[in-house]
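J.: Right, I'll just put the structure down here and ask away after.
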Amino acid sequence: METVTLTIKNQPDLFLEADTITPDAFAGKKIEEIADLHVYVGREQHRLGDFFEISGKAGATPEETKIVVNGDLSRVKYIGMKMTAGEVVVNGNADMYVGAWMQGGKITVNGDVDAFAGTGMKGGELIIKGNAGNYLGAAYRGDWRGMQAGTITVTGNAGSDIGTFMNGGEIVIGGDVDVHVATHAEGGRIIIKGNAKSRLGGQMVEGEIYVLGSIDLMMPGFAYREDVDVDVDGIKGRFALYEGDLGERHRKRKGQTIYAKLYQRIEA
Amino acid sequence: MAEYLIKNGFVFDPVLGIKGDKADVAIKNGKIVETTALGSPKVIDAAGKTVMAGGVDIHAHVAGPKVNIGRNFRPEDKLFGYKARSGIERMQGGFSVPTTIRTGYNYARMGYTTVMEAAMPPLYARHTHEEMRDTPILDQGAYPVFGNNWFVLEYLKNHEIENAAAYIAWLLRATKGYAVKVVNPGGTEAWGWGLNCENIHDPVPYFDITPAQIVKGLIEANEHLGLPHSMHVHANNLGNPGNYTTTLDTFKLSEGIKPNSKFGRDQVMHHTHVQFHSYGGDSWVNVESKAKEIMDYVNSHENITIDMGQVTLDETTTMTADGPFEHHLTELNHLKWANADVELETGSGVVPYVYSPNIKVCAIQWAIGLELALFAKDPMRIFITTDHPNAGPFIRYPRVIKWLMSTEAREQQFDAFKHKDKVIDATNLAGIDRELNLYEIAQMTRAGPAKALGLAHMYGGLAPGLEADVAVYDFNPNEPYAPDEIETAFLNAEHLFKTGVQVVRDHNIASNGNKRTLWVNAKVDENPQVMRDVREKFLRYYTVTLNNYEVTGHYLPNPYVIEVDATE
């Protein structure tokens, strides 16, 4: 695998929309060609090379291309957007839409990300070693197609509205989350190792939420069913199982109504 | 104004009866003229290319409150689709519910010059006109909806045709409307009670009138006035298996009624998006095509015109004044739903919809639309539409043309269906080898709709005296071509003239044109009763006063008034 290294040299006055920082866009290009890729600041078009020092070499295909981005990227949006393969390593904090609509490959962020990371994600692996913002693995505004597949792992905390309209895949949060988890979800799994606040699973149709810590306030649409033993993805223990959202439509399988499931740990 | 001579193109013009012969088209002062009338024209070399009049769309939802609800509640429809301002082109966005700017440009790129907004809620006529005003290039008009209007229901319940006609004339003037539109007659009003009218004899709650009385009464009132266009109906029971009988029942309401119009139309009923109204079976499991039965009727009755409502197999946004239908749809697909009630007049709903080639019903719908056109004996009475954006975005018209002109293209689509065999079993299309020619396409997209709208004196052809709306496509009908080349050519007109102004040059937007808004001013004898009813209803029920209702001058900076004298 070949590596291209980007180091931010000029901070944008506003925000940089850099959806061209992907193995797909870089693959098969010379360094000069990569520097010529378009980025936007507001409505103005610029070159990627206007903002980054670029070195190294891109692979022939996205699979063979690794991108390392260094510096303060807290004004850089869309890193790894729609990528299908290869690898991106972000050494610093990144702005919104990291790995949005990604289909494959791997993104590792050694820092925090702002909102909408993994929006509409269809595959691949998104690893955030710091904290994530709101709308992690959610759907784009108005869309009903949130995260479909792939995995998102956050070491720290996440904001609100994670997994909105989630249909598949897995989100694991090492720390705490803010309100609204898996709203409208129709599939997938969210594991919260820390504490949650309220409004978990509102209008949720199918899918699973695991909370290892506390929940401030349970949705009235979730009913306690029973205590169960859980052994999923390295999560072991005795959990209280709730089902919901009772106010939503639910399909039936063999005469049984399929509900979304919310597990809260009672003891490890 | 500049003079143009479009030389040596292969011309397809049903008005002059030219079927692909080489001919020259001359433009002067915004009109088509004889070539001898030109002085020193700018010459456009159209050798090896197809030349037609500008396209005329008889039914599309392109302006007004429900279109804007679609834009507002579908930000995902605009995602990745923006185009920045560039040169003369203003910023554009959206796919199934594009911005007004993109609407104008994309129609122009397809060689269309006239587009009718198919459903204007009278109360929101101002909004509709504001959006039409902001849509560049195109000549437009809007059809106010009448089929669930309290005035109409009350007058027609007692068969007061003259009063209904006087009200129609007043409302057309107040809203600067073009024609009498009817959407799910009585059903949308019933929706206010949580009910619907599922057939033409299903009574409307409270008003105690049937859809049949509404439709027949509005046809009679329309002919009493002698309006340019006929009554334009979206019948009851849209989109339901087995609904073709309701459609035939609706057609039959026109029997024995002759057109009374000096605008040259032959029909008294235009039934829109008939694809949605041609289903057999009694459930989504056994739904099947009844296009043959529908077209047998249409083919043998001269006083009816229809448009297709062709499903294009896209992700789109459905929107209609048929409020109960949109609720039905959101229950089916569980996607977001907007619903609106428009006081005494109508209602509406909006729901996104994905017509997937992997879903059997969507593929059957696709086949039914094409069957309607391919079973048609007279292409002057069936028009290409997608009921934009309901069955698909208008930007797919060139694809519909491709399917109509090429069995190969249809076979390719059949092969792409997940349930190909089931779709073939439920439809007739696989057994139809008819391929329409460009002359028939010109009838279905130009001359036919222009005539049905009562606008044959302006649009739809290339005869001297008509508006100089002329499209040149980079398509040589005399050379062998792949089906996709049809779509590419009709999606990218090489040149387009609108009222003599070149709005597309070398495939690019060259001018924002000089758009006009058409409306019908029907003069009737004074009718004190109707005017008293109007004042009373505004006083008692409307949330606005008459002064805040009427569409006044600045909403139509460039109006084109069609005068109708219906006084005794």
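J.: Scan segment A:75-90 for residues that are among the basic types (Lys, Arg) and crowded, with 21+ Cβ neighbours inside 10 Å and jot them down.
T.: Looking only at segment A:75-90, we keep the residues that are among the basic types (Lys, Arg), and these are A:75, A:77, A:82.
Matches in segment A:75-90: A:Lys77 only.
J.: Would you tally the residues in segment B:189-237 being in a helix (DSSP H, G or I), among the acidic types (Asp, Glu) and over 21 Å from B:Met319 (Cβ atoms)?
T.: 2
J.: Got a sec? Which of A:Asn167, A:Asn134 is in a loop (DSSP other than H, G, I, E, B), among the polar types (S, T, N, Q), open to solvent by 30 Å² or more (accessible area, probe 1.4 Å) and away from chain B (no Cβ under 14 Å)? Full working, then the answer.
T.: Details: A:Asn167 fails: away from chain B (no Cβ under 14 Å).
Answer to the check: A:Asn134.
J.: Within segment B:509-568, how many residues are touching a Ser or Thr at 6+ places or on another chain (Cβ under 7 Å), among the charged types (D, E, K, R) and not in a loop (DSSP other than H, G, I, E, B)?
T.: Residues flagged as touching a Ser or Thr at 6+ places or on another chain (Cβ under 7 Å), among the charged types (D, E, K, R) and not in a loop (DSSP other than H, G, I, E, B) within segment B:509-568 amount to 1.
J.: Check B:Ala63, B:Ala119, B:Ala125 and return the single one that is part of a strand (DSSP E or B), over 24 Å from B:Ile401 (Cα atoms), open to solvent by less than 10 Å² (accessible area, probe 1.4 Å) and away from chain A (no Cβ under 14 Å). Quick ask: steps written out before the conclusion?
T.: Values: B:Ala63 fails: part of a strand (DSSP E or B); B:Ala125 fails: part of a strand (DSSP E or B).
Sole residue among the options that is part of a strand (DSSP E or B), over 24 Å from B:Ile401 (Cα atoms), open to solvent by less than 10 Å² (accessible area, probe 1.4 Å) and away from chain A (no Cβ under 14 Å): B:Ala119.
J.: Across segment B:420-436, what is the number of residues that are of a type outside the set (S, T, N, Q), in contact (Cβ under 8 Å) with a residue 60 or more places away in the chain and part of a loop (DSSP other than H, G, I, E, B)?
T.: 3
J.: Take residues that are open to solvent by 10 Å² or more (accessible area, probe 1.4 Å) and tell me which of the strands (runs of 3 or more DSSP E) falling wholly in segment B:16-59 contain 3 or more.
T.: Of the strands (runs of 3 or more DSSP E) lying wholly inside segment B:16-59, those with at least 3 residues that are open to solvent by 10 Å² or more (accessible area, probe 1.4 Å) span B:18-28, B:42-45.
J.: Filter segment A:122-131 for residues that are open to solvent by less than 20 Å² (accessible area, probe 1.4 Å) and farther than 14 Å from A:Val88 by Cβ; which is nearest to the other protein chains (Cβ to nearest Cβ)?
T.: A:Gly123
J.: When you look at B:Arg434, is it open to solvent by less than 10 Å² (accessible area, probe 1.4 Å) and basic (Lys, Arg), yes or no?
T.: Spelling it out, it is not the case that B:Arg434 is open to solvent by less than 10 Å² (accessible area, probe 1.4 Å) and basic (Lys, Arg).
J.: Here's another thing I want to ask about it. Any idea which of (1) touching a helix residue (DSSP H, G or I) at 6+ places or on another chain (Cβ under 8 Å); (2) open to solvent by 30 Å² or more (accessible area, probe 1.4 Å); (3) in a strand (DSSP E or B) is the one B:Asn68 doesn't satisfy?
T.: Checking B:Asn68 against (1) touching a helix residue (DSSP H, G or I) at 6+ places or on another chain (Cβ under 8 Å); (2) open to solvent by 30 Å² or more (accessible area, probe 1.4 Å); (3) in a strand (DSSP E or B), the one that fails is (3).
J.: If I go through segment A:153-208 residue by residue, how many of them are touching a residue at least 60 places away in the same chain (Cβ under 8 Å) and under 26 Å from A:Lys106 (Cα atoms)?
T.: Counting residues in segment A:153-208 that are touching a residue at least 60 places away in the same chain (Cβ under 8 Å) and under 26 Å from A:Lys106 (Cα atoms) gives 4.
J.: Go through B:Ile209, B:Ile200, B:Ile214 for me and flag whichever is among the hydrophobic types (A, V, I, L, M, F, W, C), over 22 Å from B:Val530 (Cβ atoms) and touching a helix residue (DSSP H, G or I) at 6+ places or on another chain (Cβ under 9 Å).
T.: None of the other options fit; the residue is B:Ile200.
J.: Could you check how many residues of segment B:304-320 are touching a Gly at 6+ places or on another chain (Cβ under 9 Å), under 20 Å from B:Tyr244 (Cα atoms) and not hydroxyl-bearing (Ser, Thr, Tyr)?
T.: Step one: filter segment B:304-320 for residues touching a Gly at 6+ places or on another chain (Cβ under 9 Å), giving B:305, B:308-314, B:316-320.
Still in the running and under 20 Å from B:Tyr244 (Cα atoms): B:305, B:308-311, B:320.
This time we only want the ones that are not hydroxyl-bearing (Ser, Thr, Tyr), so: B:308-311.
Of the residues in that region, 4 qualify.
J.: In segment B:323-345, how many are in contact with a helix residue (DSSP H, G or I) (Cβ under 7 Å, 6 or more places away or on another chain) and farther than 24 Å from B:Glu76 by Cα?
T.: The total comes to 5.
J.: Could you grab me the full set of residues in segment B:71-85 that are of a type outside the set (Asp, Glu) and within 11 Å of chain A (Cβ to nearest Cβ)?
T.: Matches in segment B:71-85: B:Arg71, B:Asn72, B:Phe73, B:Arg74, B:Pro75, B:Lys78, B:Leu79, B:Phe80, B:Tyr82, B:Ala84, B:Arg85.
J.: I would also like to ask the following. Give me a count of the residues in segment A:42-66 that are open to solvent by 20 Å² or more (accessible area, probe 1.4 Å) and part of a strand (DSSP E or B).
T.: Total meeting the criteria: 9.
J.: Oh, and also: I need the full set of residues from segment B:71-115 which are of a type in the set (A, V, I, L, M) and either within 20 Å of the chain's Cα centre (by Cα) or in a helix (DSSP H, G or I) (or both), in order please.
T.: Narrowing segment B:71-115 to residues of a type in the set (A, V, I, L, M): B:79, B:84, B:88, B:91, B:97, B:101, B:108, B:110, B:115.
Scanning segment B:71-115 gives B:Val97, B:Ile101, B:Ala108, B:Met110, B:Val115.
So that you can scan it fast, the table gives a plain yes or no per residue for (1) within 27 Å of B:Leu374 (Cα to Cα); (2) among the hydrophobic types (A, V, I, L, M, F, W, C); (3) open to solvent by 10 Å² or more (accessible area, probe 1.4 Å):
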residue: B:Lys290; (1), (2), (3): yes, no, yes
residue: B:Ile294; (1), (2), (3): yes, yes, no
residue: B:Asn299; (1), (2), (3): yes, no, yes
residue: B:Asn303; (1), (2), (3): yes, no, yes
residue: B:Met308; (1), (2), (3): yes, yes, no
residue: B:Asp314; (1), (2), (3): yes, no, yes
residue: B:Thr330; (1), (2), (3): no, no, yes
residue: B:Leu335; (1), (2), (3): no, yes, yes
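J.: Now for a different question. Could you please find all residues in segment B:375-419 being of a type outside the set (A, V, I, L, M), open to solvent by 10 Å² or more (accessible area, probe 1.4 Å) and within 24 Å of B:Ala456 (Cβ to Cβ)?
T.: B:Lys377, B:Asp378, B:Pro379, B:Arg381
J.: B:His224 fails exactly one of the following numbered conditions: (1) touching a residue at least 60 places away in the same chain (Cβ under 8 Å); (2) over 20 Å from B:Glu162 (Cβ atoms); (3) surrounded by fewer than 24 Cβ atoms within 10 Å (Cβ to Cβ). What is the number of that condition?
T.: (2)
J.: Write out, first by first residue and then by second, each pair whose Cβ atoms fall under 6 Å of each other, whose residues are 6+ apart or on separate chains, and whose first residue, in segment B:472-488, is on the phi < 0 side of the Ramachandran plot and touching a residue at least 12 places away in the same chain (Cβ under 8 Å) while the second is outside any loop (DSSP other than H, G, I, E, B) and open to solvent by 30 Å² or more (accessible area, probe 1.4 Å).
T.: B:Pro483/B:Glu408; B:Glu487/B:Arg399
The values are calculated or read from the model by the stated rules, or taken from the named source; none is laboratory data. From a predicted model like this one, the values you see are computed outputs, not experimental measurements. Because the Cβ atoms are built from the backbone with ideal geometry, glycine has one as well, and the counts that use them run over all protein chains shown. Surface accessibility is based on the protein's heavy atoms, side chains included, excluding ligands, DNA and RNA. Shrake-Rupley method; radii C 1.70, N 1.55, O 1.52, S 1.80 Å.
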